[in-house]
1. Please go through (1) surrounded by fewer than 22 Cβ atoms within 10 Å (Cβ to Cβ); (2) outside any helix (DSSP H, G or I) for Ile39 and return the number of the only condition it doesn't satisfy.
2. So which helices (runs of 4 or more DSSP H) are wholly in region 144-260 and hold at least 2 residues that are within 16 Å of the ligand (Cβ to nearest atom), in contact with a Gly (Cβ under 9 Å, 6 or more places away or on another chain) and not β-branched (Val, Ile, Thr)?
3. Pairs only if they're at least six apart or on different chains, beta carbon under 6 angstrom, first in region 252-266 and without any contact (Cβ under 8 Å) to a residue 12 or more places away in the chain, second surrounded by 10 or more Cβ atoms within 10 Å (Cβ to Cβ); list them, first residue then second.
4. Across region 355-391, what is the total count of residues that are within 16 Å of the ligand (Cβ to nearest atom), over 18 Å from the mean Cα position of the chain (by Cα) and part of a helix (DSSP H, G or I)?
5. Collect the residues in region 320-354 that are part of a helix (DSSP H, G or I) and without any contact (Cβ under 8 Å) to a residue 24 or more places away in the chain, keeping them in residue-number order.
6. Among the listed residues His128, His95, identify the single one that is surrounded by fewer than 23 Cβ atoms within 10 Å (Cβ to Cβ) and closer than 21 Å to Asp388 by Cβ.
7. Counting just the residues of region 199-244 that are crowded, with 18+ Cβ neighbours inside 10 Å and among the hydroxyl-bearing types (Ser, Thr, Tyr), which one comes out modelled with the lowest pLDDT?
8. Among the candidates Ala302, Ala341, Ala346, single out the residue that is open to solvent by 10 Å² or more (accessible area, probe 1.4 Å) and farther than 21 Å from Leu199 by Cα.
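The values are calculated or read from the model by the stated rules, or taken from the named source; none is laboratory data. Values in this document were obtained by computation on a predicted structure and should not be read as measured data. Cβ placement follows ideal geometry from the backbone for every residue including glycine, while neighbour counts extend to all protein chains displayed. Just the protein is used for accessible areas: all its heavy atoms, side chains included, with ligands, DNA and RNA removed. Shrake-Rupley method; radii C 1.70, N 1.55, O 1.52, S 1.80 Å.
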Amino acid sequence: MTATATRVLVLNSGSSSVKYQLLDMADGRRLAVGLVERIGEENSRLAHTPLATGGGKRETEGAIADHETALKAVAAELSADGLGLDSPQLAAIGHRVVHGGLRFTEPTVIDAAVLKEIERLVPVAPLHNPANITGIRTAQALRPDLPQVAVFDTAFHSTMPEYAARYAIDVETADAHRVRRYGFHGTSHAYVSRRTAALLGKDPSEVNVIVLHLGNGASASAVAGGRCVDTSMGLTPLEGLVMGTRSGDIDPAVTFHLKRVAGMSADEIDELLNKKSGLLGLCGDNDMREIRRRIDEGDERAALAFDIYIHRLKKYIGAYYAVLGRVDAVVFTAGVGENAAPVREAAVAGLEELGLAVDAGLNAVRSDEPRLISPEYARVAVAVVPTDEELEIARQTYALVSA
Ligand code: AMP
């Protein structure tokens, strides 16, 4: 790495998409952002915005067969603006990797052994790790000399005490199959909890925070003095809160029941609970905007779905309050958390005895900035902090390669 190399390309490779951002860590500025969608289909789409040049979004449609072709197309778009992968200013590529298992608790420079270990984790993250691996291999082929860093979604939760991470099942069976609670969205929980401490004018070590990451996927975490002590997702992202399409917590016997009584296969139940449940399963919509619109029109199914969503959220706020003992802030983030004022209002309604309240005026303000929405008298701060997983991945990547 040269002294002037301060740029980090962040890659988030999904099964049929690649999201990317190029950031300059000298000042945290975003130089380019983009997305390749529907990889492997006829109508793939690449949307690229070169923020550094002030240029508008460029969109191209047409078949992109695989991740390699996709990344090459991204590289060409970046080159067109003088931001190519061959730039000496590029310090590293940071990859979002969903599952790091027990082994990876820190961002890690990827070598052959690391990649092998990420592959070994595929059975516990069959939907995510294979795509992440493909992204890494492709980027390595394009720039074999450049450090590639894996930043794991599970890492921030690795500080959970054993009593929070273990399921109460037979220990031998659990250990033989690596069955335990890992947690996800860790990069977001890490960023948002740290940013919340800054908003309160405190060091992360001084504050206890409940983070509510409410996007299409959703998770809560209890963060004590900067360390995660509990989180709502488990072995997989299915556990915990009601999500856009996932059920969240459910009696595991429901699965045996569906198998025995409805004759459903494991794959069908997996699909039901991950893709056809949550808000979508309850009311036919998984977008909170649409659900609120339907509620305003008097739609009872949408109203019940909303109430179930809020009830679960409240239970986690209460649970993590008890886990932490003292709470300094409850913070909302991600698509729903940042934008849906009615969700924030309903989630803390009636919790005044716990020191929690939302100021209606502050809650109604729309902003991209971290902000407090609790009234001055409230004992516990309620905050909205926009998440920035790409910035956090870039920050962790750069810290590692520039150390
Ligand atoms: P994410 O996974 O963080 O990108 O969040 C996506 C979700 O955020 C969408 O499915 C919507 O439910 C929700 N969302 C986005 N914008 C709004 C908004 N203005 N009001 C309510 N919900 C929103």
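1. The failed condition is (1).
2. 186-199
3. Filtered contacts from region 252-266: Met264/Leu258.
4. The qualifying residues number 2.
5. Ala322, Ala341, Glu345, Glu352, Glu353
6. His128
7. My answer is Thr236.
8. Ala346
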